[in-house]
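Here is the structure we will look at, set down as structure tokens.
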Amino acid sequence: MFTGIIEHQAKIIDIKKELSNVHFKLSTPITHELKVDQSVAHNGVCLTVTEIQEDGYWVTAIDETLQRTNLGQLKPNDTVNIERCMPAHGRFDGHIVQGHVDCTGVIDEIHDLDGSWMIFITHPADAGFTVTKGSICVNGISLTVVDSFPDAFSVAIIPYTWENTNLSKLSVSQTVNLEFDILGKYLKKFSVSLPIFKK
């Protein structure tokens, strides 16, 4: 389980395709702290560390992951946001993030508000839903929803998040990974299946 609080950014230094899988080699200041079999979220996608070398580490994305996320669009020198799993004794600074991306969204607008930034993101209406002041995970970052629509939402970005994640490197029309709030997903399922919610 993750919290959506980004630890570092990792740079893609090599990409190898094998059948329908893609292997990524990444470099980050915490490479020496990682270990094989460890789960690390990359732009919000939970991937297993498969090999550690002196200059970086390897993870593998299978076809299902590539189809559902923006990882297949990555190129050498691109950066991804990374977060290790939350330790059992850790603080819950963000919200419950599983590392299971629901869909990709498209950046529709970016507004510089002279000290902060407002980003509008569109997504398939049937992929999930947001609520104003609720939580959303964008490229692995736990963010608070400002405006909520059936197929879009906006988030406000503080300077620290802008400077320490890959949001500042993105532009309009680019895709981002979205994981909707797990509590909202369960509530949506209950509302469809339980008669009490249909009255």
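For this structure, a couple of remarks:
- All of 38, 53 fail the test of being touching a residue at least 24 places away in the same chain (Cβ under 8 Å), closer than 20 Å to residue 77 by Cβ and either touching a helix residue (DSSP H, G or I) at 6+ places or on another chain (Cβ under 7 Å) or surrounded by fewer than 19 Cβ atoms within 10 Å (Cβ to Cβ) (or both), apart from 53.
- You will find that of 11, 17, the residue that is in contact (Cβ under 8 Å) with a residue 24 or more places away in the chain and among the basic types (Lys, Arg) is 11 and no other.
The numbers here are math on the coordinates, done by the rules we state, and not lab data. What you see is a predicted model; the values in this text were computed from it and never measured. With ideal geometry, Cβ positions are generated from the backbone for all residues, glycine too; neighbour counts draw on all protein chains shown.
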